[in-house]
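For reference, the structure discussed in these notes is given below.
The values are calculated or read from the model by the stated rules, or taken from the named source; none is laboratory data. Please read these numbers as outputs of a predicted model, since none were measured by experiment. A quick note on method: Cβ atoms are made from the backbone with ideal geometry, for glycine too, and the neighbour counts reach across all protein chains shown. Heavy atoms of the whole protein, side chains included, go into the accessibility calculation; ligands, DNA and RNA do not. Shrake-Rupley method; radii C 1.70, N 1.55, O 1.52, S 1.80 Å.
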Amino acid sequence: MTTINSDKKIRRKQIRCRAIVSSETNIPPSDEPSLFVAICNAGLSTGLTEDSVIQETQKYGKVSNLTMIPNKSYCFLGFDIVQEAINVFDGMHGRSELGQNSTVIYMSYFKGTPEVENPMDKELPPGTIIIPDFVTLAEESALLAAISQPPTTGSLKNRLVKHFGYEFLYGSNLVDPDKPLKTTIPKECDVLWHKLGKKQPSLSWFKPDQLTVNEYMPGHGIPPHVDTHSAFIDPILSLSLESDVVMDFRKNGQRVSVLLPRRSLLIMSDECRYDWTHGITPRVMDVINTPNNGLTTQQRSKRTSFTFRKLRYTPCDCKYPTLCNSRKTNSLESKEPLEKLAKKVEEMNVHNIYEKIANHFSETRHSPWPNVAQFLDAFPPGSIIVDIGCGNGKYLSINKETLQIGCDRSSGLLSVCSSNKQHVFKCDCLSVPIRSSTADGVISIAVIHHLASEARRLQSITEMARVLRKGGQGLIYVWAKNQKANLKKSSYLRQNKAVNKGKISEDEQRQKTENDSKEMNLEIDIQLPVHTNRTEFQQQDVLVPWKLKSSQESRTDTSTFLRFYHVFEENELENLCKKVSDITIEKSFYDQGNHCIVFRKL
Ligand code: MN
Ligand code: ZN
């Protein structure tokens with residue numbers, strides 16, 4: 001029997017859940033029993049399955065439809081008769097243990113049910129073919145047995161990997177055609193090419209010379225990537241064995257989620273192979289379609305994938321330059337007229353955006369990086385320090401014995417500094433209105449990577465050097481393209497590690513998934529890839545999303561802004577600094593996902 005106390009608790013929980021559901025769906029709650037009942041604290045994101053809801057509700061009344069919503073921890077039941085709704089509500093609210101880890105569910109009446117866009121209903125990227133039941137159960141066993149013999153070549157993030165024919169070199173994402181492996185593709189695979197020719201006559205010529213076998217346990221994934229254009233020809237084939245999985249294809253902010261059934265063959269060719277990234281979100285279950293057009297969750301089990309590829313010996317000549325490593329056109333460097341475009345990119349995708357996100361950005365930037373603070377602390381009292389691109393001024397109050405002056409392009413960020421009584425003014429880092437040879441120290445922290453041409457990046461360092469007195473010291477931080485190769489992992493990627501290990505809460509996971517899938521509004525028409533937050537960079541010139549919540553109350557009202565970044569290769573910053581004649585590099589290091597340099601003016 002429920003006591004008065006626990007009735008109160010149930011009521012409190014119900015009110016809180018109801019408010020969230022209502023604000024996210026824009027559907028008003030109903031104080032009177034109605035035809036619509038939401039389960040406010042269980043849904044696809046908590047692992048609820050359609051089957052379990054139907055089974056449980058049947059005990060109390062007749063549900064006429066069920067709306068499961070992707071990434072949400074609630075779902076809606078629809079009824080034909082209010083009395084049925086009352087029966088289900090009274091039977092289950094605060095009692096039924098359909099929640100995560102068998103917790104009780106809280107229900108609420110609503111005045112409607114939300115329209116749901118099914119992410120699995122989108123059209124496949126052009127050039128994608130999925131052949132279901134490509135191999136039989138017997139062939140599946142034979143293939144698995146064939147690859148169980150040779151020792152594993154290595155493991156990636158707990159994922160077992162074996163290579164045949166040639167080794168796929170993670171890191172450079174290339175193969176060395178001069179170093180074939182002793183273990184070639186097992187002969188058990190030969191039956192596949194005959195089958196392929198029959199089912200897909202246009203590919204009857206295809207016989208791969210490279211095979212990578214990956215073993216994914218539930219919770220494992222692979223970041224969005226494109227198989228290196230210059231390394232392999234079209235198509236790329238992937239055979240899924242032992243378990244279904246959902247693969248996500250992405251292009252410029254669009255995302256298409258595709259179920260790859262067990263024993264199916266995925267063929268990625270043309271646009272799909274060259275112009276879309278593919279990846280698997282690390283999670284223990286997927287959201288999939290039900291036969292009657294609903295959505296449900298499905299637990300993953302161990303999946304073994306066979307990826308078949310054929311080496312390419314000449315540069316890629318695809319029509320899709322954005323992700324093509326054989327072409328330079330993916331980078332802004334080769335676009336003409338360069339300077340004009342670079343300025344425009346910075347205007348639209350740096351300056352305008354920092355004005356819009358200034359307050360939110362500032363809220364997230366409070367703790368100074370220790371090595372920057374240490375650099376500033378080393379200056380003797382009375383030194384003049386200039387912070388070019390000072391943002392919200394978090395470094396302007398570190399060493400209080402020095403005179404610290406900041407400048408930035410964003411009025412919004414400068415007003416944060418002014419309100420903290422810091423000395424700041426507005427200018428561009430390419431032309432700083434400070435007399436030459438006046439400063440004892442100059443810092444540029446996370447600024448130069450927003451400049452869209454090498455000439456402009458060089459100019460900004462030259463400008464730092466000009467402002468410094470002889471013997472003065474400068475410090476530069478820029479974002480590193482390779483966030484992984486370094487021993488110290490950056491916090492940027494570490495924030496994603498929890499997802500990889502499956503340790504992240506469903507709520508956070510949901511938030512991240514939503515971030516990934518938001519449609520991007522490109523403000524000018526340039527062919528730049530949109531980076532997926534908290535994954536490795538695929539390109540040097542990229543647009544990085546910033547998600548802005550416009551107010552605390554309206555949880556759904558968010559906009560995504562794309563900031564331009566040129567992420568630096570190893571040694572790139574060093575080489576740039578070497579082009580500035582009157583400075584000498586004193587220290588070059590990697591810190592918090594950045595390449596960093598300390599230099600001295602000669
Ligand atoms: Mn791949
Ligand atoms: Zn290409």
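Hey, can you find the accessible area per residue of region 128-328 for me, probe 1.4 Å, expressed in square angstrom?
Details: 8460 Å² over 201 residues.
Per-residue value: 42 Å².
Cross-link partners of Lys187 among aspartates and glutamates, defined as those whose alpha carbon lies under 15 angstrom from its own and excluding same-chain residues fewer than eight positions apart: Glu139, Glu140, Asp209.
About the Cα centre of region 195-265, what is the dipole size in debye to 20, counting +1 per Lys and Arg Cβ and -1 per Asp and Glu Cβ, all else neutral?
Working: 9 positive and 7 negative charges, 68 e Å.
My answer is approximately 320 debye.
The residue among Ala455, Cys40, Leu548 whose Cα reaches farthest toward the positive pole of the charge dipole of the chain, with charges on the beta-carbon of Lys, Arg, Asp and Glu, is Ala455. Take Arg300: with every protein chain present and a 1.4 Å probe, its accessible area is about 20 Å². Remark on His220: its backbone amide H falls under 5 Å from those of Arg283, a criterion applied only to residues 5 or more positions apart or on other chains, H modelled at 1.01 Å from N. You can think of it this way: the chain between Asp317 and Asp582 has 91.1 nm of extra reach, that is 0.36 nm per residue less the Cα-Cα gap.
When the chain is fully extended, how far beyond the present Cα-Cα distance does Glu123 get from Asp51, taking 0.36 nm per residue of separation? Could you put the intermediate results ahead of the total?
Values: separation 72, 0.36 × 72 = 25.92 nm, distance 2.65 nm.
The Glu123-Asp51 span can extend by a further 23.3 nm.
Quick check for me: using +1 on Lys/Arg Cβ and -1 on Asp/Glu Cβ, what's the dipole size of the chain about its Cα centre, in debye to the nearest 20? Let's see the in-between values first.
Details: 77 positive and 69 negative charges, 274 e Å.
Dipole about the Cα centre, nearest 20: 1320 debye.
Taking the 1.4 Å solvent-accessible surface of the chain as the whole, the part contributed by carbon and sulfur is 50%.
Please give the FRET efficiency for Tyr170 paired with Ser141, using the beta carbon to beta carbon distance and R0 = 35 Å, rounded to the nearest 0.05.
Numbers: r = 29 Å, r/R0 = 0.81.
That pair, Tyr170 with Ser141, gives E of 0.75.
Pairs exceeding 25 Å between alpha-carbon atoms, taken from Lys179/Lys207; Lys9/Lys547; Lys122/Lys302; Lys302/Lys547; Lys13/Lys72; Lys122/Lys310: Lys9/Lys547; Lys122/Lys302; Lys302/Lys547; Lys122/Lys310.
Over 19 Å between Cα atoms: which of Lys251/Lys319; Lys319/Lys344; Lys343/Lys587 fall into that group? Before the final figure, lay out the partial values.
Working: Lys251/Lys319 15 Å; Lys319/Lys344 26 Å; Lys343/Lys587 31 Å.
Cα-Cα > 19 Å for Lys319/Lys344; Lys343/Lys587; rest within.
In the assembled protein chains, Lys179 presents an accessible area of approximately 140 Å² (probe radius 1.4 Å).
Take the Cα of Ala19, step 7 Å toward its Cβ, do the same at Glu115, and the gap between the two points is 2.9 nm. The overall shape of region 109-229 is prolate: from the C-alpha gyration tensor, with semi-axes ordered a ≥ b ≥ c, the ratio a/c is 1.5 or greater and a/b exceeds b/c. Note on Asn571 and Lys421: with the Förster distance fixed at 35 Å, the Cβ-Cβ geometry gives a FRET efficiency of about 0.30.
For region 21-95, state which trypsin sites (Lys or Arg not before Pro) are in a DSSP loop and have at most 14 other beta carbons lying within 10 Å of their beta carbon. If you can, show how the numbers build up before the last one.
Numbers: sites: Lys59, Lys62, Lys72, Arg95; in loops: Lys59, Lys62, Lys72, Arg95.
Answer by residue number: Lys59, Lys62, Arg95.
With N as its number of residues, the chain has a Cα radius of gyration that, divided by 2.2 N^0.38 Å, comes to 1.12. Between the amide H of Phe425 and those of Gly406, Cys407, Asp408, distances stay under 5 Å, these residues lying 5 or more places away or on another chain, with hydrogens modeled in the peptide plane. Dipole magnitude for region 2-110: computed about the Cα centre from +1 point charges on Lys and Arg Cβ and -1 point charges on Asp and Glu Cβ, it is near 500 debye. On full extension, the segment bounded by Ser437 and His351 gains 28.2 nm, given 0.36 nm per residue less the C-alpha separation.
For region 66-82, 3J(HN,Hα) computed residue by residue from phi via the Karplus equation (6.51, -1.76, 1.60; θ = phi - 60°) reads 10, 10, 9, 10, x, 6, 10, 9, 8, 8, 10, 9, x, 10, 8, 10, 4 Hz, glycine and proline entered as x. Label-to-label distance, Leu403 versus Glu363, with points set 7 angstrom from Cα along the beta-carbon direction: 3.6 nm.
Met217 exposes around 80 Å² of accessible area when a 1.4 Å probe is run over every protein chain in place.
Tell me, what is the per residue accessible area of region 2-110 in Å², probe radius 1.4 Å?
Numbers: 5290 Å² over 109 residues.
About 48 Å² of surface per residue is accessible.
Taking 17 Å as the straight-line reach from the Cα of Lys578, the aspartates and glutamates in range (excluding those fewer than 8 positions away in the same chain) are Glu454, Glu463, Glu569, Glu570, Glu586.
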